[in-house]
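Down below is the structure, laid out as structure tokens.
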Amino acid sequence: MQAQTSASWSSKIGFILSAAGSAIGLGAIWKFPYTAGTNGGAVFFLLFLLFTILVALPVQLAEFYIGRTSGTNAVDAFKTLAPGSHWPWIGRMGVTACFVLLSFYSVVGGWVLNYVVHAFTGAVTPGADFKALFEQTIASPFSVLFYQGLFMLMTIFVVKGGVSDGIEKANRYMMPALFVLFLLLAGRSLTLPGAAKGVAFLLKPDWSNFTPQTMLTALGQAFFALSIGVSTMITYAAYLSKKQDLFRSGNSIMWMNLLVSLLAGLVIFPAVFAFGFEPSQGPGLIFVVLPAVFMQIPFGTLLFAVFMLLVAFATLTSAFSMLETVIAAIIRREEVKRRRTSRVVGTAIFIIGIPSALSFGVMADIKIFGKTIFDLWDFMISAIIMPIGAFGIAVFTGWIQDRQQVLAAISEGSSVPQTLIQLWLTTLRHLAPIAIILVFANTLGWI
């Protein structure tokens, strides 16, 4: 067994909670509810569940294979497994994507922190104009930069502590807290008069909503739900012992992510229906609609504060993995460089993110290809780089690597039957690339 250092996980559960924390971010708590709300609820959720199991999980396991087999960062992993080839560019693209992604992800993380403060300081009160509050929050230059900076400082503070002493330790507290608080909020939401309509919307399929567009949207959500395509899972898996069961770990992470998505739906939709709001409110759902919903519940201000604290936890745990992917590629296991590199890189990410932070205020009129700087970065990473990265990882593991070597490496430490492992590789080779191409084409508007 490898020695336990700050550059390795101290336990199996530590890795699972940290990898789950990477996957469970704004995608599960912010994007899933509003995407489900605008795509028919239960039908979307069932398709999302199916595609997460059949497409996203196989690619995540491929990242686990690359990371643990190589035992190194996302760039050197491909150099180790395919020396003298161009495949390391997939790793370089992933590391670059994490750098850029965190630059605008930290902006939204800052909004979330600002809303935690709003909730605890009385800005979120019954009768307030929540649409105006949200517009004011994201347009104020001082406010967005302050909270973006605070979010990055929190991320740097954890990542500079290393894998076991920083990331793992933070996730050991934050992930269980997230589940407990979510269960409490879901329990409260489900007891509201009229909540059954919201539960039915999320869990009782109306097949008239079953369309090709709904399928592609659900496939895209599944694709982003497990944090695949930007090499974060390669980075995290590099710190794993050979005794870790990759299949059972991947399965646990997937179900935890699906559970949080379900709980987010059970917190939001029953409350939305109970008070006569529309579920198809779009991206403003948690910032504009939810405050209004919570204000009609006893102790609503406190409950909303708790909910935003949850969103902050989930956003931070994803940010840890993005920053770690960049740091790992730079320090290359030289842990003495970690603290300084974390501070320098974290500061650089903050600076690069400033135009994104100001995209809803003083720089709102600056458009490139018709998009604000925030939207442009988002489109480039989500619509182009992540699908290409995931496609490359699926092809590399499924077709470029020796089949028997892959099966032997991923089976190490696993008690999963060989037939299931063979099925995983077949799915990775055939179904996953086709699904990724479909998502890519749909997002670019080709289909």
Report summary line: Per the list (1) open to solvent by less than 10 Å² (accessible area, probe 1.4 Å); (2) at pLDDT below 95; (3) part of a helix (DSSP H, G or I), residue check on Val124 breaks on (3)
Query - Given (1) open to solvent by 20 Å² or more (accessible area, probe 1.4 Å); (2) modelled with pLDDT of 90 or more; (3) more than 25 Å from Val293 (Cα to Cα); (4) assigned to a helix (DSSP H, G or I), number of the condition Ile234 does not satisfy - result: (1)
Report summary line: When the range 155-205 is checked residue by residue, the ones that are farther than 26 Å from Leu17 by Cα, open to solvent by 50 Å² or more (accessible area, probe 1.4 Å) and part of a helix (DSSP H, G or I) are Leu190, Ala196, Lys197, Leu203
Report task. Consider Leu49 carefully, then state whether it is open to solvent by 10 Å² or more (accessible area, probe 1.4 Å), under 14 Å from Ser249 (Cα atoms) and part of a helix (DSSP H, G or I). Result -> no
Query raised in the report: Taking the range 11-28 as the region of interest, how many residues are modelled with pLDDT of 85 or more and either aliphatic (A, V, I, L, M) or open to solvent by 10 Å² or more (accessible area, probe 1.4 Å) (or both)?
Result: 10
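For the range 78-85, state whether one or more residues are of a type in the set (Phe, Trp, Tyr), open to solvent by less than 20 Å² (accessible area, probe 1.4 Å) and either assigned to a helix (DSSP H, G or I) or in contact with a helix residue (DSSP H, G or I) (Cβ under 9 Å, 6 or more places away or on another chain) (or both). Step through it out loud before you land on a result.
If we filter the range 78-85 for residues that are of a type in the set (Phe, Trp, Tyr), which is where we start, we get 78.
If we keep only those that are open to solvent by less than 20 Å² (accessible area, probe 1.4 Å) too, we end up with 78.
In the following step, the residues that additionally are either assigned to a helix (DSSP H, G or I) or in contact with a helix residue (DSSP H, G or I) (Cβ under 9 Å, 6 or more places away or on another chain) (or both) were identified as 78.
Yes - at least one qualifying residue is present in the range 78-85.
The values are calculated or read from the model by the stated rules, or taken from the named source; none is laboratory data. Keep in mind that what you see is a predicted model, and the values were worked out from it rather than measured. We place every Cβ from the backbone using ideal geometry, glycine too, and count neighbours over all the protein chains shown. Protein only, heavy atoms only, side chains kept; ligands, DNA and RNA dropped before computing areas. Shrake-Rupley method; radii C 1.70, N 1.55, O 1.52, S 1.80 Å.
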